[in-house]
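See structure below.
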């Protein structure tokens, strides 16, 4: 168990959640939402935020019922131990895909910002960054929390810059009805869905929280509310400043130059500010990867505690900072394998992460449904949660069909099969 010095406060948990939820998605969506919905791109975050509330509240309810149990306890006790195992197992691998993607996005943005670094092979750059993140995650829980606090300051700077600029430079003409493309909202919603995921991270670290039965649910609700507010303000003010020019930008990399052109500063200052913003966006992605590695190790640790994987005592070993260092090393091996197998293919990373995470949502909600039904409580909440999961799984499958890319589905099925074999063999060994 964690020592008291390793317990995290409520606001540390909120920062960790924010670090993972606020990745590169909000920035990548900047131009795409404008092209589809114009000024109403910001409203899409509010709509999806509202639609996903049953899913959010379902996880809050799960944390109240299982304050320090994590993903395994959500359905391992109410349905079957194998379901609890697969719930944790699939999430563990899926989130590492997301962390790997975050590192690769950071590499691409840094090499674009500093052309002198473009001579380095992306795989080598990715591997170097991954090694640094793994070493940092060998430090104690509180040190990791402080690192995330500093990263949070830098990653929020582009968002806060846009919001602050909105009060000074917005053009009232950009708020006219002609810029409100209501018909484009349905096409914009899938872009927003996965940019808001990551709220469930507090479940993985609930064992390390102070007063987990209270602070776990609060961390989810507070971080989710902050993200929705920031994203709506960011997208809304960005369009209010730039207007329809934002629709004509090729992608998000052309968005901030348009914004900076509105500032009354020298060309040299604009160039420096542009580089800083792109670096901050890269750090935003990197800090999400750091946060995932930081929290995800406890999912593997929980399976080792239950002796559902091979060599549990070896995996549970801790270093002098009380961190299960073997869990960190195993994460590093898996992420390096992702880098080799996927060859930097961003779509595969993204789709596998989204699909795997959604399957964890489904199994967790099924556990809540079984628990509430057994106790004779209302099952309306998990039923609504299933509706949310249906939206997410439909969006994931549609993306695979649209891109003709079934590889994420094959990877997920392979991991599930390997998980079932691991569960079966480790169970037999335990019985002997």
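The values are calculated or read from the model by the stated rules, or taken from the named source; none is laboratory data. All values reported here derive from a predicted model rather than from experimental measurement. Neighbour counts run over all protein chains shown; Cβ positions are idealised from the backbone, glycine included.
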For this session: Have a look at 46, 41, 76 and point out the one that is surrounded by fewer than 21 Cβ atoms within 10 Å (Cβ to Cβ), touching a helix residue (DSSP H, G or I) at 6+ places or on another chain (Cβ under 9 Å) and on the phi < 0 side of the Ramachandran plot.
Result: 46
For this session: Considering only residues that are over 13 Å from residue 368 (Cα atoms) and touching a helix residue (DSSP H, G or I) at 6+ places or on another chain (Cβ under 8 Å), look in region 49-63 and name the one that is surrounded by the most Cβ atoms within 10 Å (Cβ to Cβ).
Result: 52
Exercise. Any idea how many residues of region 262-280 are part of a loop (DSSP other than H, G, I, E, B) and touching a residue at least 24 places away in the same chain (Cβ under 8 Å)?
Worked result: 2
Seminar exercise, completed: From the option list 347, 333, single residue qualifying as in a helix (DSSP H, G or I), in contact (Cβ under 8 Å) with a residue 40 or more places away in the chain, surrounded by fewer than 18 Cβ atoms within 10 Å (Cβ to Cβ) and within 22 Å of the chain's Cα centre (by Cα) is 347
For this session: Filter region 98-121 for residues that are within 22 Å of the chain's Cα centre (by Cα) and farther than 19 Å from residue 326 by Cα and give the result.
Result: 98, 101, 102, 103, 104, 105, 106, 107, 108, 109, 110
Exercise. Going by the structure shown, is residue 318 out of contact with any strand residue (DSSP E or B) (no Cβ under 9 Å at 6 or more places or on another chain), closer than 30 Å to residue 54 by Cα, surrounded by fewer than 17 Cβ atoms within 10 Å (Cβ to Cβ) and free of Cβ contacts under 8 Å to residues at least 40 places away in the same chain?
Worked result: no
For this session: Working carefully through the options 283, 323, 328, 341, find the one that is under 30 Å from residue 132 (Cβ atoms), within 23 Å of the chain's Cα centre (by Cα) and not in a helix (DSSP H, G or I).
Result: 323
Exercise. For region 172-188, does any single residue satisfy the condition of being touching a residue at least 60 places away in the same chain (Cβ under 8 Å) and within 18 Å of the chain's Cα centre (by Cα)?
Worked result: no
Exercise. Within region 304-315, which residues are loosely packed, with under 15 Cβ neighbours inside 10 Å and under 22 Å from residue 136 (Cα atoms)?
Worked result: 314
Exercise. Going by the structure shown, is residue 54 in a loop (DSSP other than H, G, I, E, B), in contact (Cβ under 8 Å) with a residue 40 or more places away in the chain and either under 20 Å from residue 216 (Cα atoms) or in contact with a strand residue (DSSP E or B) (Cβ under 6 Å, 6 or more places away or on another chain) (or both)?
Worked result: no
For this session: Tell me, please, whether a residue that is without any contact (Cβ under 8 Å) to a residue 40 or more places away in the chain and either within 15 Å of residue 371 (Cα to Cα) or buried (at least 24 other Cβ atoms within 10 Å of the Cβ) (or both) can be found in region 80-95.
Result: yes
Exercise. In region 213-232, is there at least one residue being modelled with pLDDT under 90 and assigned to a loop (DSSP other than H, G, I, E, B)?
Worked result: no
